[in-house]
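What follows is one structure encoded as structure tokens, with my remarks underneath.
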Amino acid sequence: MGERTFEDEFADVQLGLVDLVLEACEGRGGIGDVYVFGAIEGTMTSFNAFVERGGELERLDAVVADRSILLQVMGLAAQDLAGLRELCERAGRACPTQIRGHWRNDGGSYEATCEYEPVADREDGVAPGTAFAAWLEDERAARRG
């Protein structure tokens, strides 16, 4: 088997985030697409997610009410994002400041948009929670047409 590339490892981290969300939602019925959000900027690392359930987009904390599971997911995701930062540093590559990933559960495809410019650290910066909430609302609005 060939040597793994930076791109392979970069994708694995993102798909690992999707897997965390799917595992947390297991047994909660009707989970469709998964949307993962990661912010890595300065010393800050942040993660959140929302899922499609019953045709609606719901925040992960609305689907998974068990706080201990949510905290475990957030902790593991933060470790994964820290690993992504280390991967980028080792490879001499820029680390994204934000990742917005969309897993299409029906076809098993994944798309991500990565931001590389500072977002939270700018003078007019946007906190990760605010950026996440705006993305969720944008996706909901796009579904309404």
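The values are calculated or read from the model by the stated rules, or taken from the named source; none is laboratory data. Predicted, not measured: the structure shown is a model, and the values here were computed from it. Note: ideal-geometry Cβ built from the backbone for every residue, glycine included; neighbour counts use all protein chains shown.
List of remarks:
- Residue list for the range 6-55, filter: at pLDDT 95 or above and of a type in the set (Ser, Thr, Tyr): 35
- Residue among 51, 34, 13, 21 that alone is of a type outside the set (Asp, Glu) and out of contact with any strand residue (DSSP E or B) (no Cβ under 6 Å at 6 or more places or on another chain): 13
- Qualifying residue in the range 63-82 (condition: hydroxyl-bearing (Ser, Thr, Tyr) and not in a helix (DSSP H, G or I)): no
- Number of residues in the range 94-110 that are surrounded by 13 or more Cβ atoms within 10 Å (Cβ to Cβ) and farther than 19 Å from residue 31 by Cα: the value is 5.
- Pairs are defined by a Cβ separation below 7 Å, a sequence spacing of at least 6 or placement on different chains, a first member in the range 1-18 that is over 18 Å from residue 108 (Cβ atoms), and a second member that is in a loop (DSSP other than H, G, I, E, B); the pairs so defined are 6/93.
- Test set (1) closer than 20 Å to residue 137 by Cβ; (2) surrounded by fewer than 15 Cβ atoms within 10 Å (Cβ to Cβ) - residue 86 fails condition number: (1)
- Single unsatisfied condition, residue 119 versus (1) touching a residue at least 60 places away in the same chain (Cβ under 8 Å); (2) not in a loop (DSSP other than H, G, I, E, B): (2)
- Checking the stated criteria, residue 107 turns out not to satisfy the condition of being under 14 Å from the mean Cα position of the chain (by Cα) and farther than 11 Å from residue 40 by Cα.
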